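Report on the following structure.
The values are calculated or read from the model by the stated rules, or taken from the named source; none is laboratory data. Keep in mind that what you see is a predicted model, and the values were worked out from it rather than measured. Cβ sites come from the backbone with ideal geometry, for glycine too, and all protein chains shown count toward neighbours. When the accessible area is computed, the model is the full protein with side chains, heavy atoms only, and any ligands, DNA or RNA have been set aside. Shrake-Rupley method; radii C 1.70, N 1.55, O 1.52, S 1.80 Å.
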Amino acid sequence: KQEVTQIPAALSVPEGENLVLNCSFTDSAIYNLQWFRQDPGKGLTSLLLIQSSQREQTSGRLNASLDKSSGRSTLYIAASQPGDSATYLCAVGIYGNNRLAFGKGNQVVVIP
Amino acid sequence: DTGVSQNPRHKITKRGQNVTFRCDPISEHNRLYWYRQTLGQGPEFLTYFQNEAQLEKSRLLSDRFSAERPKGSFSTLEIQRTEQGDSAMYLCASSLLDRVNEKLFFGSGTQLSVL
């Protein structure tokens, strides 16, 4: 069974600092890896998708890397802003079925 | 593109009652998913439709749960004889692309509270 772990569970940073969020997964047989953002009481918004053959993806201040062999991904948010405060979820697409396996999330607070 | 719409946003019910949730995916999306999320946890997969066909179900989907997607458009998720353990956020997502490139678009969810 695919297990996805996100560390740290929660963190607070002052505005302007860079954020580094970590995700690890136990089974390297994945289609892709996605990072989502979730605001309290809301649904999920897809931020970045990395195919299993790719090493990283970038969008604006966000950069996500994937090391499939070691079962790790990192989401990097440059120059954090209070509007980045949210929970960030990592999810892997599992070979052989149509489901995503999610981590529990990194809860981020950016302090103005 | 109006996004994925879920109704109702909140549902409070008494234990033993039946509830039904609706999901309207993005119109051209042929793939539709239901997930369940409890506080402090990541979403857990419940079921998947491609067009009108229900192709995959999780073991989490007990006999009390049923999902449909008539005509490959909107979908409904029904829970019969609700239990307090069913209290959760029920999320619907849809997509169009192939599995490798697939980005899921989630609705805002239906928050179920069973008293």
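Observations, loosely collected:
- Compared with the direct C-alpha span, the chain from B:ALA53 to B:SER87 gains 9.6 nm at full extension, assuming 0.36 nm per residue.
- Checking every one of the GluC sites (Glu not before Pro) in the stretch A:1-109 against DSSP loop status and a limit of 14 other Cβ atoms within 10 Å picks out A:GLU3, A:GLU15, A:GLU17.
- A:ARG72-A:TYR95 pseudo-label distance in nm [points 7 Å out on the Cα-to-Cβ vector]: 2.2
- Simple Cβ-charge dipole of chain A, Lys/Arg +1 and Asp/Glu -1, about Cα centre, in debye nearest 20: 300
- Within the accessible area of the stretch B:13-55 (1.4 Å probe), percent carbon and sulfur: 40
- Protein accessible area in chain A, 1.4 Å probe - carbon and sulfur %: 47
- Heavy-atom accessible area per residue - chain B, 1.4 Å, Å²: 51
- Spatial offset of the stretch A:25-42 relative to the stretch B:50-72 amounts to 22 Å, using the alpha carbon center of each.
- About the centre of its Cα atoms, the stretch B:1-107 shows a dipole size close to 380 debye [charges on the beta carbon of Lys, Arg (+1) and Asp, Glu (-1) only; nearest 20 debye].
- Per residue, the stretch A:62-112 exposes an accessible area of 39 Å² to a 1.4 Å probe, with every protein chain left in place.
- Surface burial for A against B, with a 1.4 Å probe and both sides summed, reaches about 2000 Å² of accessible area.
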